[in-house]
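Data block below; observations after.
The values are calculated or read from the model by the stated rules, or taken from the named source; none is laboratory data. Because the structure is a prediction, the values reported are computed rather than measured. No Cβ is skipped: glycine too gets one built from the backbone with ideal geometry, and neighbour counts run over all protein chains shown. Only protein heavy atoms, including side chains, enter the accessible area calculation; ligands, DNA and RNA are left aside. Shrake-Rupley method; radii C 1.70, N 1.55, O 1.52, S 1.80 Å.
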Amino acid sequence: MTTLTVGEAVHYSAQLQLPDSMSNQEKKERADFTIREMGLQDAINTRIGGWGVKGISGGQKRRVSICIEILTRPRLLFLDEPTSGLDSAASYYVMKRIATFDKRDDVRRTIIASIHQPSTEVFQLFDNLCLLSSGRTVYFGPASAASAFFASNGFPCPSLMNPSDHMLKTINKDFEQDTELGGKDTIHTEEVIEILVNSYKSSEMNREVEKEVAELIEKDTSSTNKKRKHAGFISQCFSLTKRSSVNMYRDLGYYWLRLAIYVALAISLATIFYDLGTSHRSIQDRGSFLMFVSSFITFMTIGGFPSFVEDMKVFERERLNGHYSVTAYVIGNTFSSIPFLLLVSLIPGSIAYYLPGLQKGFEHFVYFICCLFSCLMLVESLMMIVASIVPNFLMGIITGAGIQGMMILSGGFFRLPSDLPKPFWKYPMFYFAFHRYAYQGLFKNEFEGLRFASDNVEGGSYVTGEEILTNTWQVNMSYSKWVDLGILLGMIFLYRVLFLVNIKTTEKLKPIIVSFLSSRTSTKRTTSIMQNPNATPLQEVQVT
């Protein structure tokens, strides 16, 4: 999260990942030690940085990511380009610490890393090396023997040249270069790769690997699959709530900018609808006022969508790495947002409520604020669902705005309930749209108990609020306004459950879809792998 400092990012991650058997002090000490290992002690109080805040450099961000992954001292660690964005000195010290990671605590570990352009010093830290060209194994064996393998096939590494640069240059066919054999003789890269692949296939190293793989297949590895211990569910919820609250407080775009806009709109509403009175014309004015509050003010909650998307990116990365459960994330996000939404409801609501001369009485005011809060939280929940499905700023905002627009149209204000077309708009949209319950609840809260001047000179001198609710707004009077508020609160719970179900479903379906698409698409990638076969049981290496 860009709003957190380096220390906070690692400390919160320690609270989430490390088991409850460790005390908070032990978790803090582990986090501080890991930060020092990656050379980040000078940046511990600097924010990660993002929009509006410069923060730490790209290389430091990469080291923070490594800190978070090695907190739990995993037995099997995958690192994708851990030296990207680092200078040569930082690359060496980071890789040196990673390479010695398997020698700590008398626990055998395997570290697997893909790495681009390693320096000679960094390359010498690797125990084993795997070179791939378009998915074909060119070499897999001790890193120290790789140069000799290339030389034995007629492709020796020139003096004063980095061996890793020579190897990657030799097997890289993206630029269709030719390899010099000596003198003026050259050979095409495709032929070079074919020679090396065939040489490796017939080598003793390949036979030994195939033999070990065959032995592993026959072994029972169920005893080695130990479940990783995490913090308990309550601890995860507490830490996620606290971390999310800090993020929401510091991110200006999450709530503070919206609060400023809402205050400006509340002042505009209060002045435009100032002192409505109880004339017959004020009936329409009060309805328009309440409709604007429950529709267009809450509509602007989509302004927080970019922050929702950034939250989802962090969640997806941490969830894939198994840091916490989906349920804990949804609970933490929900509880952390409640105080801010109450603040956003209370301040603008107070400004907009009293100046127009709405119903006096504390109960009416509390109901108005609760209804506004419910609408804001419902729209935020809806946008969270959209963010989990459409992780694109522009497309997500358009999608969320379109859904809300349809709900507002079918809520029963622009077209009265009896005038709505029955297919789709009356059944089911009128009952699905939360605006219907917001309109009716606010109308009951405002009109019940009031009397307005009648436009019928021959009739009575006034018309009651109950008559207006029934005849003018077609409000269902068979239940009280508190039932409408209860339905809104129930819909908040339903939307959050839908958010949870959607994340879980996406989590299960995404690997299947990706696997299907990858089976139909060939990809090119050159990868270097570091592992320590003398330290880790080969049953774990089979995961690669």
Ranked highest first by average number of other Cβ atoms within 10 Å, how do 487-494, 124-131 line up?
-> 124-131, 487-494
So the compactness index of segment 285-427, its C-alpha Rg divided by 2.2 N^0.38 Å, takes the value 1.22
Residue-normalised accessible area of segment 18-137, given per residue in Å² at a 1.4 Å probe = 50 Å²
Which listed pairs, of LYS173/LYS510; LYS229/LYS504; LYS426/LYS481; LYS61/LYS508; LYS61/LYS173; LYS27/LYS54, have C-alpha distances above 25 Å, in listed order | LYS173/LYS510; LYS61/LYS508; LYS61/LYS173; LYS27/LYS54
Ignoring ligands and nucleic acids, LEU378 exposes an accessible area, probe 1.4 Å, in Å² to the nearest 10, of 0 Å²
For the chain, the accessible surface attributable to carbon and sulfur atoms (probe 1.4 angstrom, ligands and nucleic acids excluded) amounts in percent to 59 percent
Can you give the convex hull volume of the alpha carbon atoms of segment 233-518 per residue, in Å³?
-> 141 Å³
Counting only residues 5 or more places away or on other chains, whose amide H sits under 5 Å from the amide H of GLY141 once H atoms are built in the peptide plane?
-> LEU129
Using a 1.4 Å probe on heavy atoms of the protein chains only, the accessible area for TYR249 in Å², nearest 10, reads 140 Å²
Å² per residue, accessible surface of segment 233-518 at 1.4 Å = 45 Å²
A correct Karplus calculation of ³J(HN,Hα) over segment 149-164, with 6.51 cos²θ - 1.76 cosθ + 1.60, θ = phi - 60°, whole Hz and x for Gly and Pro, returns 5, 5, 5, 5, 9, x, 10, x, 7, x, 5, 6, 10, 5, x, 5
Can you tell me the order of 16-26, 199-209, 436-446 when each peptide is scored by its average per-residue count of other Cβ atoms within 10 angstrom, highest first?
-> 436-446, 16-26, 199-209
Cα-only Rg/Rh for the chain with Kirkwood Rh rounds to 1.13
Computed over segment 233-518, the relative contact order (Cα-Cα under 8 Å, seq sep at least six) in percent reads 23 percent
The chain - percent relative contact order, Cα under 8 Å, separation 6 or more | 18 percent
